[in-house]
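Note sheet for the following structure.
The values are calculated or read from the model by the stated rules, or taken from the named source; none is laboratory data. Bear in mind that the values here come from a model prediction, so they are computed numbers and not experimental data. Virtual Cβ from ideal backbone geometry, glycine too; neighbours counted across all protein chains shown.
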Amino acid sequence: MPNISPFIILRLPIVWQTICLLAVALLLTACDAPEVDSTVIQSRPVVKTVAAQVAIAPQLVLSGTIQAARQTPVSFQVGGRIDRRLVQAGDVVTPGQVLFTLDTRDLEQALTLAQAEVSAAQSSVKTMQDELQRSQSLSKSGFISQQALDRVEQITQESQTRLDAALARAQQARFALGYATLTAQDHGIVTETLAEVGQVVTPGLAVTQFAHAGPVDIEVFLPQGLKAPASGVVSIGDQRWQAALREVAGAADRASRTIRTRYTLLGQDMAPPIGSVAQLTITTGEPGQNVIRVPLGALDERGQGAQVWIVVDGFTQAVPVQVLSLSTETAQVQSTLAPGVPVIAMGTHLLQPGMVVRVQPSLAP
């Protein structure tokens, strides 16, 4: 502090005395103020931000597979060893065309046994009917009691019941022998074969997948919480098809937390092949729903949903968002943020809530 003599100040005019005293007070205050440690400021992490852009009518592009609207697994109604496989994956089949056959030796033996039981039961019924006629004649003549006649009638009824059961078993064995030949029930295409010759199969075990001819769908998986729109556009290369929503799964997948959704392709003059990969473009929002566009690096996903980060009074803060669409560089999201709000553009995986950071000038949008 400079050495100023008080006598010099007193000799000055009153105005200059006041100015000098104020200057001395300011100098004393400056000397007593603590110095800011510049190393503390320099140690704060640096983040770069970019202003969120407004995005009108966001679109979501999803990859999916083309599948038949009606697709069923085909299986035998009886068990046995596969004797022949007459189709390959990709074959187009017609109603009544044979797909697989089983070894029928065991089924033929079962039918023979059932038919023998029928013959035995028929003989028993014939014998008991004759016995009933004789007993009725004897009962009229008084040679046997009514109790004996009732017993013969009961045995005759039991033999008839055994015959009915044998006939049912024979019919069942006849059906089982017919089930050994697996045929197509509709026009369609074999999408996959799941069994080979010599393999022993059980009833109900799928041996092939069958896609019925007719409308085809694209199956996609929507992010949880996103309402499926009523229509979309399916594209494969330069080809385009309009698509209408057909069904939405009632629950989200436990692993991916996505919703299985199917759209039916319309105007299928040149329908895409079953199993091909296609793109579905859907409009996921309307103007005025506060949809913004942010850099792809601004998204942060930590198992609790997508979020972006902003800086409030020098501290980091996470803001949850709903991802509507992704491109190679940007993402369209829906959140409470307004267009123009600076969001941290990169390195979000390193951030924690409440971190003290330094913000560099915003990147160009």
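A quick yes/no check of all residues on (1) among the aromatic types (Phe, Trp, Tyr); (2) free of Cβ contacts under 8 Å to residues at least 60 places away in the same chain; (3) assigned to a strand (DSSP E or B):
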site: Ser63; (1), (2), (3): no, no, yes
site: Gln77; (1), (2), (3): no, no, no
site: Ala121; (1), (2), (3): no, yes, no
site: Glu158; (1), (2), (3): no, yes, no
site: Thr161; (1), (2), (3): no, yes, no
Practice prompt. Give the stretch 97-119 a look and list any residue that's of a type in the set (A, V, I, L, M) and in a helix (DSSP H, G or I), or say none.
Written response: Leu107, Ala110, Leu111, Leu113, Ala114, Ala116, Val118
Worksheet item: Inside the stretch 110-155, can you point out the residues that are polar (S, T, N, Q) and in contact with a Leu (Cβ under 9 Å, 6 or more places away or on another chain)?
Response: Gln122, Ser124, Ser135, Gln136, Ser139
Worksheet, complete the sentence: Going through (1) part of a strand (DSSP E or B); (2) of a type in the set (Asp, Glu); (3) loosely packed, with under 14 Cβ neighbours inside 10 Å one by one, Glu219 fails only at (3)
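Please determine whether any residue of the stretch 195-203 is part of a strand (DSSP E or B), within 28 Å of Val74 (Cβ to Cβ) and in the same structural domain as Ala271 (by TED's automatic domain parsing).
Of the residues in the stretch 195-203, the ones part of a strand (DSSP E or B) are 200-201.
Pick out the ones that are also within 28 Å of Val74 (Cβ to Cβ) and you get 200-201.
Next, only the ones that are in the same structural domain as Ala271 (by TED's automatic domain parsing) stay: none.
No: the stretch 195-203 contains no residue that is part of a strand (DSSP E or B), within 28 Å of Val74 (Cβ to Cβ) and in the same structural domain as Ala271 (by TED's automatic domain parsing).
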Discussion item. With the structure loaded, tell me whether Ala271 is over 17 Å from Thr65 (Cα atoms) and assigned to a loop (DSSP other than H, G, I, E, B) or whether it fails that test.
Written reply: no
